[in-house]
Amino acid sequence: MTLPPQTGYTPTAEDRASLDAWFEQYDSLCAERDIERMADQAVFPLNLISDDSTGNGRSAQWDRRQFVDTMTQVMGDGSQEVTFRNTRTPVFLSASMAVVFTRSVVTTGDQTYESDYADVLVRRDGAWAFQTMIQSGWGDNL
């Protein structure tokens, strides 16, 4: 078992509850394919980090339009139901910054996909938003 790193900040119950509530809402928006409201949950420009098919690390910054266009293509036309089972491990750097590691199982029709990724979230004016998305295998699309 891997233990999260010690960051010097101990999250409060409210810190964890607010982050869990944010992800519950975001997962619901993903299942509904509500891309515009998903974009409302981000800070733009959004940072993306991945690797490409040649094994090189890649990064990009997307504006809202690029996020919406790409996620619309990735999420599909809504003809098949999508379900998510996510296990998240947040590492709070402070009351307003967290790196969240996710183990995700996504089922679409009879296909199931498993992935691991991380998001960097910031809390501004009491609301969480994702600012950086990190996942392997997407670099050719950046």
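The values are calculated or read from the model by the stated rules, or taken from the named source; none is laboratory data. From a predicted model like this one, the values you see are computed outputs, not experimental measurements. Glycine also receives a Cβ, built like all others from the backbone with ideal geometry; neighbour counts cover every protein chain displayed. Heads up: the accessible areas ignore ligands, DNA and RNA and are worked out on the full protein's heavy atoms, side chains in. Shrake-Rupley method; radii C 1.70, N 1.55, O 1.52, S 1.80 Å.
Below are the figures for this structure:
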| quantity | calculated |
| --- | --- |
| Among VAL91, VAL43, VAL74: highest mean-square fluctuation, GNM of the chain, C-alpha pairs under 10 Å | VAL74 |
| Max mean-square fluctuation residue, GNM over the chain, Cα-Cα springs under 10 Å, options ALA13, ALA60, ALA31 | ALA13 |
| DSSP-defined antiparallel bridges as percent of all bridges, the chain, nearest 5 | 90 percent |
| Carbon plus sulfur fraction of accessible area for segment 39-142, probe 1.4 Å, in percent | 48 percent |
| Probe 1.4 Å, accessible area per residue of the chain, Å² | 60 Å² |
| Whole-Å distance, taken between Cα centres, linking segment 1-55 and segment 88-140 | 4 Å |
| Residue-averaged 222 nm ellipticity for the chain, from DSSP H runs of 4+ at -39500 (n - 2.57), nearest 500 | -8500 deg cm²/dmol |
| Using θ = phi - 60° and Karplus 6.51 cos²θ - 1.76 cosθ + 1.60, couplings along segment 63-75 (whole Hz; Gly, Pro as x) | 8, 4, 4, 5, 4, 4, 4, 5, 5, 4, 5, 5, 7 |
| Separation in nanometres of the label points that stand 7 Å from Cα toward Cβ, at PHE101 and ARG16 | 1.7 nm |
